[in-house]
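The values are calculated or read from the model by the stated rules, or taken from the named source; none is laboratory data. Remember, it's a predicted structure, so these values are computed and weren't measured experimentally. With ideal geometry, Cβ positions are generated from the backbone for all residues, glycine too; neighbour counts draw on all protein chains shown. Just so you know, the surface numbers come from the protein's heavy atoms only, side chains and all, with ligands and any DNA or RNA stripped out. Shrake-Rupley method; radii C 1.70, N 1.55, O 1.52, S 1.80 Å.
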Amino acid sequence: MEILKHVMDDVIKRNPNEPEFHQAVKEVLLSLEIVAEKHPEWVKDKIFDKIVEPERQIIFRVPWVDDNGEEHINRGFRIQFNSAIGPYKGGLRFHPSVNLGIVKFLGFEQIFKNSLTGLPIGGGKGGSDFNPKSKSNSEIKRFCQSFMLELNKYIGANTDVPAGDIGVGSREIGYLYGMFKKIRNESTGVLTGKGLTLGGSLVRTEATGYGLCYFMNEALKAKGKSFDGATVIISGSGNVAIYANQKATQLGAKVVAMSDSNGYIYDANGINLNTIRKIKEVERKRIHEYTKYHPNASYTEGCDGIWKLKCDIALPCATQNEIDENSAKTLIANGCYAVGEGANMPSTIEAVDLFIKNKVIFGPAKAANAGGVATSALEMSQNSMRYSWTFEEVDTKLQNIMKNIYIKCSNAANEYGFEDNLVAGANIAGFTKVAEAMYSLGF
Ligand code: GLU
């Protein structure tokens with residue numbers, strides 16, 4: 001980095017103690033030096049310096065009362081990062097690890113991901129350090145209501161449209177939307193990922209996992225490979241992981257391992273997805289329960305071990321930085337030839353470098369997992385029209401969007417001399433659209 005070195009230095013100086021945000025910015029800037037060379041007008045207009053600074057950062061107090069009558073205080077965030085191409089759009093994450101740096105890294109990634117979808121959505125993200133694990137339904141409801149009591153001041157169907165992320169699914173979106181309606185007396189597409197009776201879109205639940213497989217299918221096809229007959233490992237067992245498993249299996253793969261934040265299960269016969277859904281979606285329990293139903297399967301404590309298993313294709317769908325350099329080395333040594341990121345930034349910069357150097361077919365998160373937010377944008381369109389498309393209609397649109405994202409990334413990589421490097425391709429293609437818009441708007 002030469003032209004853009006000062007941008008990275010300033011980010012580190014102005015945002016201390018936010019390593020995930022630094023990492024997300026660094027990964028993007030590493031691909032953009034050549035773009036800066038080709039566009040001196042963007043350098044002069046300080047587009048690169050502006051894009052790393054959120055347009056607006058909102059931090060608020062979220063008090064709530066537990067079932068025993070005790071008061072608790074959590075911190076709420078909404079980062080309105082970039083609105084150049086459309087209303088801020090991005091999920092809410094409820095997890096104890098959430099802090100300003102985490103929300104900023106997610107919001108920054110979201111700018112480029114949303115741009116790649118080809119739909120008019122800007123980048124934003126939010127959440128709270130609230131831990132939804134082992135909370136009762138009433139506690140979750142009260143927390144969501146308190147969160148929305150403050151958040152409602154800053155969002156709107158044409159301003160900022162939140163959705164789910166880790167710890168926020170359709171139940172939480174329902175409670176958040178319910179509170180929004182009570183406060184504002186409006187039925188609008190202000191949140192996406194809504195249940196079907198609330199104006200949600202068909203396929204939104206499946207979209208991130210399905211989209212990941214549609215994207216990887218294109219990337220694999222380009223190299224003469226496919227899911228058919230492949231052995232697949234999927235980390236996580238949340239919404240993304242479950243539907244990635246379903247689609248990979250439909251495409252002929254065998255998924256042999258999945259995990260949660262405590263450990264992983266291995267089932268040589270292929271994971272039984274109905275059991276996973278029962279444990280995770282209905283009972284909301286831990287993944288080790290799986291071995292009760294399938295005694296031939298094994299459970300191992302700890303998460304890193306999953307990457308030591310032999311596979312053809314790895315789909316990290318849990319959380320950030322779950323694949324480090326060592327795990328990447330082991331995957332490559334064991335013959336893994338493709339990695340598709342379902343989670344946001346699940347591979348460290350060192351791991352990504354190794355995958356690219358070793359010619360692993362690598363689908364970076366901001367391209368490969370864009371199907372979720374793309375289908376959210378389709379939900380917004382349907383809400384605006386007061387209309388709903390069929391499952392097949394939305395699924396066909398999603399398939400086309402994922403195919404186009406692959407083409408955009410691959411073309412940008414080739415045009416800028418990065419060959420098969422879809423990381424650089426995604427960063428460049430995602431960035432250039434937003435940069436052009438920022439330049440035209442005088443942002
Ligand atoms: N949280 C998801 C993501 O990381 C979805 C966001 C949305 O649908 O707005 O892209």
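Assuming R0 = 60 Å, can you tell me the calculated FRET efficiency for the pair residue 268 and residue 157, based on Cβ-Cβ distance, to the nearest 0.05?
Using R0 = 60 Å, I get an efficiency of 0.80.
At 7 Å along Cα-to-Cβ for each site, give me the label-to-label distance between residue 56 and residue 334 in nm.
About 4.6 nm separates the two model spin labels.
Please work out how much accessible surface residue 397 shows to a 1.4 Å probe, ignoring ligands, DNA and RNA, in Å² rounded to 10.
70 Å²
Answer rounded, prolate or oblate for segment 124-188, using the Cα gyration tensor with square roots of eigenvalues a ≥ b ≥ c: rounded when a/c is under 1.5, else prolate when a/b is larger than b/c, else oblate.
Here segment 124-188 falls in the prolate category.
Ordered by packing density, taken as the mean number of other Cβ atoms within 10 Å over each peptide's residues, highest first, how do 360-373, 228-241 rank?
Going by the mean number of other Cβ atoms within 10 Å, highest first, we get 360-373, 228-241.
Tell me the mean residue ellipticity at 222 nm calculated for the chain from its helices only (DSSP H runs of n ≥ 4, each -39500 (n - 2.57), averaged over every residue, nearest 500).
On the way: 17 runs with 209 residues, N = 443.
Taken over the chain, the calculation gives -14500 deg cm²/dmol.
GNM on the chain, C-alpha springs below 10 Å: top fluctuator among 180, 60, 77?
Per the Cα network of the chain with a 10 Å cutoff, 60 tops the list.
Considering only DSSP states other than H, G, I, E and B, which GluC sites (Glu not before Pro) in segment 1-93 qualify as loop sites with at most 14 other Cβ atoms within 10 Å?
Passing both the DSSP loop test and the Cβ count: 2, 70.
Please calculate how many Å² of accessible area segment 1-153 carries per residue, with a 1.4 Å probe and no DNA, RNA or ligand atoms counted.
On the way: 6180 Å² over 153 residues.
Heavy-atom SASA per residue in segment 1-153 reads 40 Å².
At 0.36 nm per residue, and after removing the present C-alpha to C-alpha distance, how many nm does the segment from residue 310 to residue 411 gain when stretched out fully?
33.2 nm
Cα gyration tensor of segment 369-443, axes a ≥ b ≥ c as square roots of the eigenvalues: rounded (a/c below 1.5), prolate (a/b > b/c) or oblate?
Oblate, since a/c reaches 1.5 and b/c is not below a/b.
Using a 7 Å offset from the Cα along the Cα-to-Cβ direction at both residue 6 and residue 72, what is the distance between the two label points in nm, to one decimal?
Result: 4.7 nm between the two label points.
Nearest 20 debye, what's the magnitude of the dipole of the chain about its Cα centre given +1 on Lys and Arg Cβ and -1 on Asp and Glu Cβ?
The dipole magnitude comes to about 920 debye.
For residue 284 and residue 420 in one chain, what is 0.36 nm times their gap in residues minus the Cα-Cα distance, to one decimal in nm?
44.9 nm
Is the C-alpha gyration tensor of the chain telling us rounded, prolate or oblate? Criteria: a/c under 1.5 is rounded; beyond that, a/b larger than b/c is prolate, otherwise oblate.
Details: a/c = 1.42, a/b = 1.01, b/c = 1.41.
It comes out rounded by the Cα gyration axes.
Place a point 7 Å from Cα of residue 138 in the direction of its Cβ. Which residues in segment 63-87 have their backbone N less than 17 Å from it?
Correct set: 64-72.
Roll a 1.4 Å probe over the protein heavy atoms and report the accessible area of residue 175 in Å², nearest 10.
Per-residue accessible area (residue 175): approximately 50 Å².
Solvent-accessible area per residue for segment 194-343 at a 1.4 Å probe radius, Å²?
Values: 6000 Å² over 150 residues.
Per residue, segment 194-343 has an accessible area of 40 Å².
Net charge near residue 410, counting Lys/Arg +1 and Asp/Glu -1 over other residues with Cβ under 13 Å of its Cβ?
Spelling it out: positives minus negatives among the neighbours equals 0.
Which FRET efficiency value, to the nearest 0.05, do you get for residue 388 and residue 44 by plugging their Cβ-Cβ distance into 1/(1 + (r/R0)^6) with R0 = 60 Å?
Calculated value: 0.80.
Over the chain, what percent of the accessible surface lies on carbon and sulfur atoms, probe 1.4 Å?
Details: 8620 of 17820 Å².
In the chain, the share of accessible area belonging to carbon and sulfur is 48 percent.
In a shell of Cβ-Cβ distance under 13 Å around residue 308, excluding residue 308 itself, what net charge do Lys and Arg (+1) and Asp and Glu (-1) give?
Cβ neighbours under 13 Å give a net charge of 0.
Charges on Cβ only, +1 for Lys and Arg, -1 for Asp and Glu, centred on the Cα centroid of the chain; of 429, 143, 399, which one is farthest towards the dipole's positive end?
So the residue we want is 143.
What does the net charge come to around residue 285 if you take all other residues with beta carbon closer than 13 Å to its beta carbon, with K and R at +1 and D and E at -1?
+3
Can you compute the label reach from residue 226? Point 7 Å from Cα along the Cβ direction, backbone N cut-off under 20 Å, restricted to segment 236-258.
Label zone hits: 244-256.
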